[in-house]
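Some notes on the structure that comes next.
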Amino acid sequence: MKRTFSREELYDLVWSTPIATLAEQFDISDRGLAKTCARYQIPVPGRGYWAKVEAGQPATKTPLWKIENPTLETVHIGAFKPAVNPYVAFAIEAANTTVKKSKAEREARPVREKHSDALSSKEPIVFEPVRRPHDSISSLAAAVKSAKCDQYGEVSVPGVRVHQNSRIRVIAVLHHLVVALEKRNITSGCIETGIKAAIDPDSVRFEISESRNREKHIPTPAELKKHEDHERRREIAQRRGQWLYPESFWPEYDYVYSGKLTLEIQNWADGARKRWGDGKHQTLESMLEAMADGVLFHLAYEKARREEREAEDRRRKHMAHRRELHKKRQEREANRLIFLRQLADCQREAADLRVTIANASNFLPQASLEYLRMIGWAEQRLAHLEAQSRLDTLTSNLREQNLFPEPDDLHDPDGDPPPPRYWGD
C-alpha cells in the first residue's frame, strides 16, 4: 500500500475506514496515524461515529478545511523519512557509530555503579539528595543553592533556571549526568553561558530549565485592602482638588512552576535529539543514559564536521599551493624562452659580425678613420657577445635566474592542477 497521499485522499480514507483498520494496513499504531492527521490538519471521526454508521443512524462528517501552507498538501505516512542533507550525512553516520561503539564498550565492562540496576528498572527513579556533587559541577551546585529567587520563586544561574523547590533535584540530576558523561570520556564544566560537556577540542553546551504556566492573578485580601485604601485616599484628594495617581498592588499574571524539568543541548546537529523532558511516563532521571548518549552524539557530530572542515581547508590550501606552483612554472617557462631567444640573437649577431669584420680586411688599406673606428667597435662587440656565449657565463646566468634547477622546487608530482570550478576552490 502506498504511503504518500494528498490531504483529500487521506481525508477520504479516514472517513471511509476506521483508523485502527487503516493503521494495521500501514503497519503503524492508530495513535501514530491520528497524530499524522493532526499534523496535516485533517479531521478524523470522533467517538461513536462508526457505531452510528453501523446502526444506520445519521453521523456528522467534519469537512476538510483549506490551508494556506503548500508543504502540508502532500502527506507522508509511517516509513517516510525526509532526505538527509548530503553535506552532513557523513557526520550523522560517524556520530551514530561513536555512540554504538561507546555503548558496546560500556556493556562489556563489569557493572559497579549502584544506580545502574535502577536505571534498567521500569520503576520510577528518584535520586537521593547529593551531599558532595561531582567536582565539575560543585561550583554550579553551590551557586544554585545560594542563589536568591525572584518574586515567583525562580532560581536562575548560567545553565539552570528552575523553581527554588527543584534545587535539590536538579543538582542530583546534574551530578548523575556528569558521572554518566565521564563513563563516555566526556568532561564537564561550568562556563558563563551554561554547562559545557567536552571531548577536546570539541564541546557542546546544555541547560536545565523548569516549565511554568502563566495564570491570571487573583488578588489576595491584603492586596485588595491596599487597593481600597488607596482608592479612598484618591477620593479624598479629589475633593480637595488634588490629584493622586492610581497604583497597582498586584501583578496581572502569576507564573506557576510545574515541577517538570527539561534538559536541552544548545548546539545544532542534524538528525540528533537535543531535548529531554519530564512526561507522563518518564522523568529526566529515567532518561539519564539517553541524555548522555545524546551529548556524545552531538560531540561526535561536531568532531566529524570539524575534521571535515579541517580536511577541506587542507585540500584548499594544497590546491592553492599547486596553482601557485603552476603559475610560477608558467612564468619560468616564459623566462626560459626569453633566455633562449636572447642567446640565439646573441649568437646570430656574433656570426654576422664575424662575416662583416672578415670582409672589412679587403678595405683596410684605403679605409677612412671612421671606418676603422667602426671595425674596432665591431671587434669589441664581437668579443662581448662571444664572452656572453661562453659555457661558464651561460651556466652562471642560468643559475642566477634559476631557470633549470635540480632538484626542481616547482615540480608538482600530480601534474598541472585543474582549473577552479567555483569561487574559493
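Checking every residue in region 248-267 against the condition of being at pLDDT 90 or above, charged (D, E, K, R), assigned by TED's automatic domain parsing to the domain that holds S203 and out of contact with any helix residue (DSSP H, G or I) (no Cβ under 8 Å at 6 or more places or on another chain) gives at least one match. Of everything listed in (1) surrounded by fewer than 17 Cβ atoms within 10 Å (Cβ to Cβ); (2) without any contact (Cβ under 8 Å) to a residue 24 or more places away in the chain, the single unmet condition for R336 is (2).
Report, by residue number, each residue of region 24-47 that is in a helix (DSSP H, G or I) and closer than 22 Å to E73 by Cβ. Before the answer, list the steps.
Let us first name the residues in region 24-47 that are in a helix (DSSP H, G or I), namely 24-26, 30-39.
Residues satisfying the conditions are F26, G32, L33, A34, K35, T36, C37, A38, R39.
Only one of the numbered conditions (1) under 30 Å from E308 (Cβ atoms); (2) at pLDDT 85 or above is not met by V88, and that is (2). Cβ-Cβ contacts under 9 Å between residues 6 or more apart (or on different chains), taken from a first residue in region 136-158 that is without any contact (Cβ under 8 Å) to a residue 40 or more places away in the chain and crowded, with 20+ Cβ neighbours inside 10 Å to a second residue that is assigned to a loop (DSSP other than H, G, I, E, B) and small (G, A, S), are listed as V155/A147. It is to be established whether one or more residues within region 385-395 are under 30 Å from A320 (Cα atoms) and outside any helix (DSSP H, G or I). No, that holds for no residue.
Note on region 3-41: among residues that are among the acidic types (D, E) and touching a helix residue (DSSP H, G or I) at 6+ places or on another chain (Cβ under 9 Å), the one that is surrounded by the most Cβ atoms within 10 Å (Cβ to Cβ) is D30.
In region 297-310, is there at least one residue being without any contact (Cβ under 8 Å) to a residue 40 or more places away in the chain, at negative phi and either among the small types (G, A, S) or surrounded by 15 or more Cβ atoms within 10 Å (Cβ to Cβ) (or both)? For region 297-310, residues without any contact (Cβ under 8 Å) to a residue 40 or more places away in the chain, at negative phi and either among the small types (G, A, S) or surrounded by 15 or more Cβ atoms within 10 Å (Cβ to Cβ) (or both): absent. Of the strands (runs of 3 or more DSSP E) lying entirely inside region 161-244, those carrying at least 2 residues that are surrounded by fewer than 12 Cβ atoms within 10 Å (Cβ to Cβ) are 202-216. Within region 67-86, at least one residue is closer than 30 Å to I199 by Cα and touching a residue at least 60 places away in the same chain (Cβ under 8 Å).
Taken over region 375-403, the residue count meeting the criterion of being in contact (Cβ under 8 Å) with a residue 40 or more places away in the chain and not aliphatic (A, V, I, L, M) is 5.
Among the conditions (1) touching a residue at least 12 places away in the same chain (Cβ under 8 Å); (2) at positive phi; (3) not charged (D, E, K, R), G56 misses just one, which is (1). Taking the condition crowded, with 17+ Cβ neighbours inside 10 Å, within 30 Å of V179 (Cβ to Cβ) and aromatic (F, W, Y), does W276 pass? Answer is yes for this residue.
Contact map, region 236-258: residues that are in contact (Cβ under 8 Å) with a residue 60 or more places away in the chain paired with residues that are of a type in the set (G, A, S), Cβ distance under 8 Å, separation 6+ or inter-chain. Pairs shown: Y257/G153; Y257/S166; Y257/S211. Every listed requirement among (1) farther than 29 Å from G271 by Cα; (2) in a helix (DSSP H, G or I); (3) at pLDDT 90 or above is met by T17 save one, (2). Can you pull out every residue in region 140-160 that is in a loop (DSSP other than H, G, I, E, B) and either outside the structural domain of D278 (by TED's automatic domain parsing) or of a type in the set (G, A, S) (or both)? Residues satisfying the conditions are A147, G153, G159.
The values are calculated or read from the model by the stated rules, or taken from the named source; none is laboratory data. Being a predicted model, the structure only gives us computed values, none of them experimental. FYI the Cβ positions are ideal-geometry reconstructions off the backbone, even for glycines, and counts take in every protein chain you see.
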